[in-house]
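Since the structure comes first, as structure tokens, the remarks are kept for the end.
The values are calculated or read from the model by the stated rules, or taken from the named source; none is laboratory data. Just so we're clear, the structure is a prediction, and the values are computed from it rather than from any experiment. Positions of Cβ are backbone-derived with ideal geometry, glycine not excepted, and every protein chain shown enters the neighbour counts. Surface accessibility is based on the protein's heavy atoms, side chains included, excluding ligands, DNA and RNA. Shrake-Rupley method; radii C 1.70, N 1.55, O 1.52, S 1.80 Å.
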Amino acid sequence: MSRCYNFSPGPAALPEAVLRQASAELLDWGGSGMSVMEMSHRSAEFNGIAVEAEACLRRLLDLSADYAVLFMHGGATTQFSAVPLNLGFPAGQADYVNTGHWSSKAIAEAGRYLEVNVVATSVEENFSTIPPQKTWSLNDNAAYLHHTPNETIGGVEFFWVPEVEVPLVADMSSTLLSRPVDIHRFGVVYASAQKNIGPAGLTLVLVHRELLGRAAAATPSLLNWKITADHQSMFNTPPTYALYLTGLVLAWLEARGGLEAIEAVNRRKAEKLYRMIDDCDFYSNPVAEHCRSLMNIPFTLADDALDKIFLAQAREAGLLNLKGHRSVGGMRASLYNAISEQAVDVLIDFMRDFAASRG
Ligand code: PMP
């Protein structure tokens with residue numbers, strides 16, 4: 001068996017130790033005689049798995065009891081609807097910052113329910129930067145402000161937290177657990193699991209308890225954060241196996257020293273790849289230096305006619321999923337927690353050799 005270097009933006013590489021543990025426990029979890037996949041979500045065994053996953057997440061994030069942790073379905077995309085339904089009324093309007101593909105999707109979906117004020121956008125800069133807060137036009141009547149701390153496709157990341165009077169909402173799909181963040185500065189944080197948290201199928205929502213109970217009457221029960229919180233995320237059958245795997249990923253992260261330790265590794269990985277791209281005329285990254293993502297690094301080759309050859313040779317070298325998103329082209333390396341520093345070194349060596357052979 002040989003495992004590739006997988007730079008996928010998500011579903012993304014999982015820690016090998018986690019996959020090995022899951023494999024060892026696949027047929028018989030903890031002497032129960034069954035797989036976690038076969039357990040009732042209401043069994044004592046599964047309850048223990050869910051409770052420990054939540055406790056581990058709270059320890060990693062240093063999250064207070066003021067916040068509910070919700071394990072939901074439907075991906076971050078479903079939260080694009082859940083946010084306006086749970087928080088948008090009676091005001092009927094909300095502020096959104098548009099820094100790229102995923103902010104735009106959130107804005108389009110919210111617009112089906114309420115009046116969306118786009119308070120700032122970097123569309124004129126081709127989403128290569130983040131407008132500073134002093135240029136935003138915030139609205140007094142907004143029910144909340146939504147932003148996307150890391151744009152997975154554009155590779156643009158906020159290294160600061162907006163200061164607003166209204167509840168701050170963040171789609172942290174591709175940044176949560178990559179470094180310490182003070183969740184207490186946010187009203188709601190949500191994230192798809194399939195980057196740094198676990199496998200696809202699970203969506204994490206962290207919500208300040210003060211914000212529960214405001215949902216519009218027509219909100220589907222499964223999208224209602226209060227109903228979800230009141231039922232310990234088991235209003236219906238949760239994605240049990242995804243939740244179990246998430247628990248293993250969280251324990252792996254904790255054993256590695258938690259978020260400060262992983263941040264140090266993530267910074268080293270990203271810095272060395274950006275440095276190589278900047279030092280080599282053959283590659284370029286379009287993002288303004290102050291907001292270059294630690295997790296997703298898009299880059300282009302000097303001649304896009306070479307893209308296919310680059311990807312084919314990368315594949316031969318065991319480096320997979322480097323193709324940029326279809327909406328922007330070029331390349332992208334996603335360096336989530338499960339990507340080792342050594343994997344980034346191999347990528348950098350490959351890129352240098354490729355540039356030299358074409359230079
Ligand atoms: N927001 C961000 C920042 C993302 O990166 C993604 C997925 N790549 C999504 C939302 C959508 O996630 P899902 O497909 O799980 O709904």
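Descending by average beta-carbon neighbour count within 10 Å, the peptides 25-34, 200-209 line up as 200-209, 25-34, the highest first. Heavy-atom accessible area with a 1.4 Å probe sorts THR129, THR77, largest first, into THR77, THR129. In whole percent, and with a 1.4 Å probe on the protein chains, what portion of the accessible area of the chain is carbon and sulfur? The value for the chain is 50 percent carbon and sulfur by accessible area.
Once you've got the Cα coordinates, tell me which of LYS105/LYS323; LYS134/LYS195; LYS272/LYS308 are over 28 Å apart. The answer is LYS134/LYS195.
If you take the Cα atoms of the chain, find Rg, then find the Kirkwood Rh from the mean of 1/r over all pairs, what is Rg/Rh? Don't jump to the answer; show the numbers that get you there.
Working: Rg = 20.8 Å, Rh = 21.3 Å.
A ratio of 0.98.
Using a 1.4 Å probe, what is the accessible area per residue for the range 21-94, in Å²? Walk me through the intermediate numbers first.
Working: 3260 Å² over 74 residues.
For the range 21-94, the per-residue accessible area is 44 Å².
Proximity of backbone amide H atoms, modeled 1.01 Å from N, is registered between LEU138 and no other residue at under 5 Å, excluding neighbours fewer than 5 places apart on the same chain. Using only Cα positions of the range 71-185, each an equal point scatterer, no hydration layer, compute I(q)/I(0) via Debye at q = 0.15, 0.20 Å⁻¹ and quote the log10 values to two decimals. The calculated log intensity ratios at q = 0.15, 0.20 Å⁻¹ are -0.61, -1.14.
Computed with the Debye formula from one identical point scatterer per Cα of the range 152-197, without solvent, the log10 of I(q)/I(0) at q = 0.19, 0.22, 0.30 Å⁻¹ comes to -0.63, -0.83, -1.34. Out of all DSSP beta bridges in the chain, what portion is antiparallel? Express it as a percent rounded to 5. If I count the DSSP bridges inside the chain, around 55 percent turn out antiparallel. For the range 276-359, the share of alpha carbon pairs falling in successive 10 Å distance bins from zero is 16, 56, 27, 1 percent.
Count Lys and Arg as plus one, Asp and Glu as minus one, and take only other residues whose Cβ is under 13 Å from that of SER327; the net charge is then +3.
Cβ under 15 Å from LEU206's Cβ, LEU206 left aside: what net charge do those residues give with Lys, Arg +1 and Asp, Glu -1?
On the way: positive: ARG58, ARG59, ARG185, ARG209, LYS226; negative: GLU54, ASP62, ASP66, ASP171, ASP182, GLU210.
Taking every other residue near LEU206 into account, the sum is -1.
Counting only Cβ charges, +1 for Lys and Arg and -1 for Asp and Glu, the dipole size of the chain around its Cα centre is about 440 debye. Taking the helices alone, the chain has a mean residue ellipticity at 222 nm of -11000 deg cm²/dmol, built from -39,500 (n - 2.57) per DSSP H run of at least 4 residues and averaged over all its residues. Based on the Stokes-Einstein relation at 25 °C and a viscosity of 0.890 mPa s, and on the Kirkwood radius from alpha carbon pairs, the range 197-321 is assigned a translational diffusion coefficient of 130 µm²/s. Residues considered: GLY155, GLY48, GLY318. Largest GNM mean-square fluctuation over the chain, using C-alpha springs under 10 Å, is found at GLY48.
The range 305-359 and the range 105-149 have Cα centres lying 32 Å from one another.
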